[in-house]
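Asks: The structure follows.
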Amino acid sequence: MSPTILVTGGAGFIGSHTCVALAAAGYAPLVLDNFCNSDVRVFERLARIIGSAPRFVEGDVRDRALLDRLFAEQPIAGVIHFAGLKSVGESVSDPLAYYDNNVHGSLVLAAAMEAASVHTLIFSSSATVYGATDRLPIGEGEALQPTNPYGHSKQMVEQALADLQRSDPRWRITLLRYFNPVGAHESGLIGEHPHGKPNNLMPYVSQVAVGLRDKLAVHGGDYPTPDGTGVRDYVHVMDLAEGHVAALRHAERQAGLATLNLGTGRGTSVLEVVKAFERASGRSIAYEIGPRRTGDVPSNWADPALAQATLGWRAQRGIDQMCADSWRWQQANPRGYES
Ligand code: NAD
Ligand code: UD1
């Protein structure tokens, strides 16, 4: 029998790719999602990749009665908790929505797990908890100083889960701090499709390449970086997905709390991403260098050594593959799952 893993937010970008990695590793993902930022048609695509669609329940992670029912009825061995809101700008204009969904949602989930004696939890945190730091690469011991409500919500959940683990050594909790997840499954069947105008670089670049947008606005060309544009640690979403499987395996071996960066350890500038996407797509990407975006740091990339030592996990895919896979998805699905 494949162990059942409850995947909250499993219909979303990282969650859907993690369902693929879980199935490949012999786990049975059970998705709980309210579809506030995803599309139910992802399950038809997952069925084509995996061979059968993962089971899913439409519902909210803040619904304690629903969670109690799920834990009572299903033999859930562990939980991967992706469900949450993730837009920095929206979190500034509507902080309560972020504290409610991200913090309250995580607390309701942890309480339901405790009641059901399910003690394995992997939580989606973010490199955004580090805020602005000029010490690179960024190690897990770096001070946490998030600069917006989204980042604060992630830090609060990290703190609550660390305290929970200290209160009861049966807990096996992994806090994964993702750097910049991009790319898509190599089949081109699943990927990221932000609603409206993308905030993040890679979806914007791929929408320019496919002709949905005229040109990329490069947010700043005067940073202290080799070409003046911002440098980030882009990590392929399938590498991230496999990182979650590695974290589950680790939790099976060892109780405790692990806090780990998931990144490649390599920085890539905005213009290097543009060039890599041009190579992958064979299209030219129009861009214009404009002012800096408020809140951006010049450079950030991970020290991924602890994840490698703890999980035996290391990102395998480079920027060219990230762009090639994003492009395959974008070209085949210019309007996401509506295509
Ligand atoms: P996503 O929006 O594609 O996926 C989140 C999923 O959760 C969606 O399917 C959404 O419908 C669902 N959801 C949201 N609130 C819910 C609720 N209350 N109950 C049930 N389902 C709910 O986002 P993603 O990029 O896949 O991110 C997944 C997680 O990783 C999030 O917690 C996010 O904060 C974190 N993260 C993402 C990034 C990134 O750049 N994508 C970086 C760092 C951390
Ligand atoms: C953003 C979020 C961060 C989140 C991360 C997830 C902000 C301030 N930070 O980080 O909290 O964890 O996404 O991936 O929103 N860029 C352009 N033009 C664009 C879009 C981006 O030049 O249209 C540049 C940015 O200035 C940056 C780089 O591309 O240098 C990457 O930007 P983005 O994809 O938004 O990620 P982050 O800024 O790292």
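The values are calculated or read from the model by the stated rules, or taken from the named source; none is laboratory data. Computed from a prediction, not measured in an experiment: that's the story for all the values here. Here the Cβ positions follow ideal geometry from the backbone for every residue, glycine too, while neighbour counts run over all protein chains shown. Heavy atoms of the whole protein, side chains included, go into the accessibility calculation; ligands, DNA and RNA do not. Shrake-Rupley method; radii C 1.70, N 1.55, O 1.52, S 1.80 Å.
Asks: Give me, ordered by chain and number, the residues 5 or more places off V231 or on other chains with an amide H under 5 Å from its own placed amide H.
Replies: Residues meeting the criterion, in which the H sits 1.01 Å from N, are S299, N300.
Asks: Find the accessible area per residue for the chain; the probe is 1.4 Å, ligands and nucleic acids are left out, and the unit is Å². Mind showing how you got there, number by number?
Replies: Values: 14260 Å² over 339 residues.
The answer is 42 Å² per residue.
Asks: More than 16 Å apart: what percent of Cα pairs in region 225-339 qualify? If you can, show how the numbers build up before the last one.
Replies: Numbers: 4464 of 6555 pairs.
For region 225-339, the share of Cα pairs beyond 16 Å comes to 68 percent.
Asks: Continuing with this model, one more query. Filter the trypsin sites (Lys or Arg not before Pro) in region 1-62 to those in DSSP coil with at most 14 other Cβ atoms within 10 Å of their Cβ, and list the result. Mind showing how you got there, number by number?
Replies: Working: sites: R41, R45, R48, R55, R62; in loops: R41, R62.
In loop regions of region 1-62 (DSSP not H, G, I, E or B), the sparsely surrounded trypsin sites (Lys or Arg not before Pro) are R41.
Asks: Can you send over the solvent-accessible area of T4, 1.4 Å probe, protein chains only, in Å² to the nearest 10?
Replies: Roughly 10 Å² of T4 is accessible to a 1.4 Å probe.
Asks: Along the charge dipole of the chain, pointing to its positive end and built from +1/-1 on Cβ of Lys, Arg, Asp and Glu, which listed residue (G51, Y337, L262) has its Cα farthest out?
Replies: In the chain, that residue is G51.
Asks: While we're here: So for the chain: antiparallel DSSP bridges make up what percent, rounded to the nearest 5?
Replies: On the way: 2 of 42 bridges.
Roughly 5 percent of the beta bridges in the chain run antiparallel, per DSSP.
Asks: Here's something else I'd like to know. Under a GNM of the chain (C-alpha, springs under 10 Å), which listed residue has the highest mean-square fluctuation: L96, L161, L46?
Replies: Checking each option, the largest mean-square fluctuation is seen for L96.
Asks: Å³ per residue of the Cα convex hull, for the chain?
Replies: Values: hull volume 41.1 nm³, N = 339.
Hull volume normalised by residue count: 121 Å³.
Asks: While we're here: Once you charge only the Cβ atoms, +1 for Lys and Arg and -1 for Asp and Glu, what is the size of the charge dipole of the chain about its Cα centre, to the nearest 20 debye? Don't jump to the answer; show the numbers that get you there.
Replies: Numbers: 30 positive and 35 negative charges, 96 e Å.
Dipole of the chain, to the nearest 20 debye: 460 debye.
Asks: Right, another one. Mind pulling the angle between the C-alpha long axis of helix 237-253 and the longest principal axis of the chain? Nearest 10 degrees, somewhere in 0 to 90.
Replies: 30 degrees
Asks: Taking a ≥ b ≥ c as the square roots of the Cα gyration tensor eigenvalues, with a/c under 1.5 meaning rounded and otherwise prolate when a/b beats b/c, else oblate, which class fits region 36-169?
Replies: Details: a/c = 1.74, a/b = 1.38, b/c = 1.26.
Prolate shape, in that a/c is at least 1.5 and a/b is the bigger ratio.
Asks: Using the alpha carbon gyration tensor of region 101-223, what are the three equivalent-ellipsoid semi-axes (square root of 5 times each eigenvalue), largest first, in whole Å? Mind dumping the intermediate values first?
Replies: Numbers: eigenvalues 221, 79, 33 Å².
Equivalent ellipsoid semi-axes, largest first: 33, 20, 13 Å.
Asks: Further, regarding this structure: How many lysine pairs in the chain, separated by 8 or more positions in sequence or lying on different chains, have Cα atoms less than 20 Å apart?
Replies: Values: K86/K154; K86/K197; K197/K215; K215/K275.
Taking the chain as the scope, the lysine pair count is 4.
Asks: Which percent of the accessible heavy-atom area of the chain goes to carbon and sulfur, probe 1.4 angstrom?
Replies: Working: 6950 of 14260 Å².
Whole-percent figure for carbon plus sulfur exposure: 49.
Asks: Could you tell me what fraction of 2.2 N^0.38 Å the Cα radius of gyration of region 152-294 comes to, as a two-decimal ratio?
Replies: Details: Rg = 18.6 Å, N = 143, 2.2 N^0.38 = 14.5 Å.
Compared with the compact-globule rule of thumb, region 152-294 sits at 1.28.
Asks: Suppose every K and R has +1 on its Cβ and every D and E has -1 on its Cβ; what is the size of the dipole of region 200-240 about the Cα centre, in Debye to the nearest 20? Mind showing how you got there, number by number?
Replies: Details: 3 positive and 5 negative charges, 35 e Å.
Approximately 160 debye in magnitude.
Asks: Could you order D233, D94 so the one with the most accessible surface comes first? Probe is 1.4 Å. If you can, show how the numbers build up before the last one.
Replies: Numbers: D233 0, D94 75 Å².
Greatest to least solvent exposure: D94, D233.
Asks: On to the next question. Where is the GNM fluctuation largest for the chain (alpha-carbon springs, 10 angstrom cutoff): F179, F56, F13?
Replies: Per the Cα network of the chain with a 10 Å cutoff, F56 tops the list.
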